[in-house]
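Just below is one structure, and these are the notes that go with it.
The values are calculated or read from the model by the stated rules, or taken from the named source; none is laboratory data. On a predicted model such as this, the values are computed, not experimentally measured, just so you know. Note that we place each Cβ from the backbone using ideal geometry, even for glycine, and neighbour counts take in every protein chain shown. Each accessible area value is taken on the protein alone, full model and side chains, heavy atoms only, with ligands, DNA and RNA left out. Shrake-Rupley method; radii C 1.70, N 1.55, O 1.52, S 1.80 Å.
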Amino acid sequence: NADAAMYRAKELGRNNYQFYAAEMNHKAQNKLAMFEGLHNAITHGAFELAYQPKVALQTGQIIGVEALIRWQHPEQGLVAPDQFIPLAEESGLIVPIGEWVLRTACMQNKAWQDAGMGAIGISVNVSARQFREEDLLKRVAQALEDSGMQAEYLELELTESLIMQDLEKALETMRALQAMGVQLSIDDFGTGYSSLSALKSFPIVRLKIDRAFVRDIPHDEDDKAIARAIISLGHELGLKVIAEGVETVQQLDFLRANQCDEMQGYYFSRPVPASGIEALLRAHSSPEWI
Ligand code: C2E
Ligand code: MG
Ligand code: MG
Ligand code: MG
């Protein structure tokens with residue numbers, strides 16, 4: 001009857017609430033543990049950088065690498081950035097972590113240059129919080145000065161959403177970085193919220209087609225159309241276009257046939273430790289692989 005039904009609904013509601021509370025508690029505990037873990041990782045140097053080559057599609061040469069952070073957790077082993085960057089961002093720990101990434105990447109690239117491994121570029125992902133920091137410009141300048149690497153070899157990867165959070169301020173910061181000689185690119189292009197009128201004002205050199213549009217090439221006609229459109233748009237705006245997440249030769253062929261400039265992806269190489277890049281640079285200074 002109705003009374004019994006109402007009683008059951010209330011019980012259910014309460015149980016759900018208890019379940020919800022326990023769940024929240026569990027999440028909060030996990031978050032706290034992760035925060036402490038990240039904090040320890042900073043003080044104990046538990047981060048590493050993996051590097052993924054960027055390859056020119058016409059020549060097959062490695063033109064640069066992207067630095068991607070890895071966390072060697074004492075109990076959990078390797079933790080992927082998607083699992084800790086959001087909390088690092090939320091807690092502000094991304095600022096010291098990001099500075100470590102920037103400095104390490106610049107020093108590594110300068111070491112490769114000094115060892116005669118070629119003048120390749122290095123790109124570093126910048127999070128929103130890090131980009132908004134008052135002294136970002138000073139930190140970048142310091143990393144360049146301390147490493148001795150010329151600004152032209154450094155590329156900062158920004159996302160559309162980061163820029164659109166405060167377009168005017170972002171443009172100002174971007175122009176200041178450009179004036180220092182640092183290159184800027186838009187990561188995960190096509191998934192964010194920037195308008196075309198905003199895009200045309202960005203002082204950038206490169207668009208990175210998001211992996212989501214590359215994954216289903218050559219089967220998905222819509223993704224092929226989008227990839228072609230991004231390539232033409234980029235070129236019309238005087239930008240280089242790079243595709244992320246290239247895993248197959250069919251994707252590579254499609255991109256090359258459509259004048260995409262560069263690619264990154266497992267087809268050529270996964271992100272690897274610095275020593276792996278040295279081996280790749282030795283093997284691919286000539287364009288044979290393509
Ligand atoms: P992202 O900058 O878009 O980097 C590309 C991601 O795609 C990397 O994942 C890379 O390992 C992966 N990837 C590359 N090629 C392929 C492929 O062919 N197939 C597939 N399935 N995946 C591919 P990763 O290293 O796990 O990084 C994930 C994201 O975490 C990055 O996306 C970036 O947004 C962020 N991240 C990584 N390192 C840093 C960092 O030092 N600072 C900040 N702020 N964010 C970082
Ligand atoms: Mg990136
Ligand atoms: Mg990307
Ligand atoms: Mg991406």
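Observations
- Scanning the stretch 64-80 for residues that are at pLDDT below 95, surrounded by 15 or more Cβ atoms within 10 Å (Cβ to Cβ) and among the hydrophobic types (A, V, I, L, M, F, W, C) yields one hit, VAL79.
- In the stretch 1-55, the residues that are assigned to a helix (DSSP H, G or I), loosely packed, with under 10 Cβ neighbours inside 10 Å, modelled with pLDDT under 85 and not charged (D, E, K, R): ALA2, ALA4, ALA5
- Matching residues in the stretch 257-279 - criterion: being assigned to a helix (DSSP H, G or I) and surrounded by fewer than 19 Cβ atoms within 10 Å (Cβ to Cβ): ALA257, ALA274, SER275, GLY276, GLU278, ALA279
- For the stretch 165-193, the set of residues classified as more than 12 Å from ligand 3 (Cβ to nearest atom), at pLDDT 95 or above and within 19 Å of ILE230 (Cα to Cα) consists of LEU184 only.
- Pairs, first of a type in the set (S, T, N, Q) in the stretch 114-125, second within 12 Å of ligand 2 (Cβ to nearest atom) and not in a loop (DSSP other than H, G, I, E, B), C-beta under 6 Å, six or more apart: SER123/GLU66; SER123/GLU155; SER123/GLU157; ASN125/GLU157
- Taking residues in the stretch 177-194 that are closer than 22 Å to ALA141 by Cα and part of a loop (DSSP other than H, G, I, E, B), and partners anywhere that are within 11 Å of ligand 1 (Cβ to nearest atom) and open to solvent by less than 60 Å² (accessible area, probe 1.4 Å), the pairs with Cβ atoms closer than 9 Å and at least 6 places apart or on different chains are VAL182/LEU156.
- Filter result (open to solvent by 80 Å² or more (accessible area, probe 1.4 Å) and either in contact (Cβ under 8 Å) with a residue 12 or more places away in the chain or within 16 Å of ligand 4 (Cβ to nearest atom) (or both)) within the stretch 143-165: GLN150, GLU152, GLN165
- Residues that are more than 15 Å from ASP261 (Cα to Cα) and part of a loop (DSSP other than H, G, I, E, B) within the stretch 205-238 comprise ARG215, ASP216, ILE217, PRO218, HIS219, ASP220, listed in sequence order.
- Filtered by the rule that a residue be part of a loop (DSSP other than H, G, I, E, B) and either closer than 23 Å to ALA243 by Cβ or under 18 Å from the mean Cα position of the chain (by Cα) (or both), the stretch 195-204 gives SER195, LYS200, PHE202, PRO203, ILE204.
- Residue in the stretch 235-246 that is open to solvent by less than 40 Å² (accessible area, probe 1.4 Å), without any contact (Cβ under 8 Å) to a residue 24 or more places away in the chain and within 16 Å of ligand 4 (Cβ to nearest atom) present: no
- Check on ASP135, away from ligand 3 (no atom under 16 Å from the Cβ) and surrounded by fewer than 20 Cβ atoms within 10 Å (Cβ to Cβ): yes
- The sole residue among ILE242, ILE226, ILE231, ILE277 that is under 30 Å from VAL101 (Cα atoms), among the β-branched types (Val, Ile, Thr) and away from ligand 1 (no atom under 16 Å from the Cβ) is ILE231.
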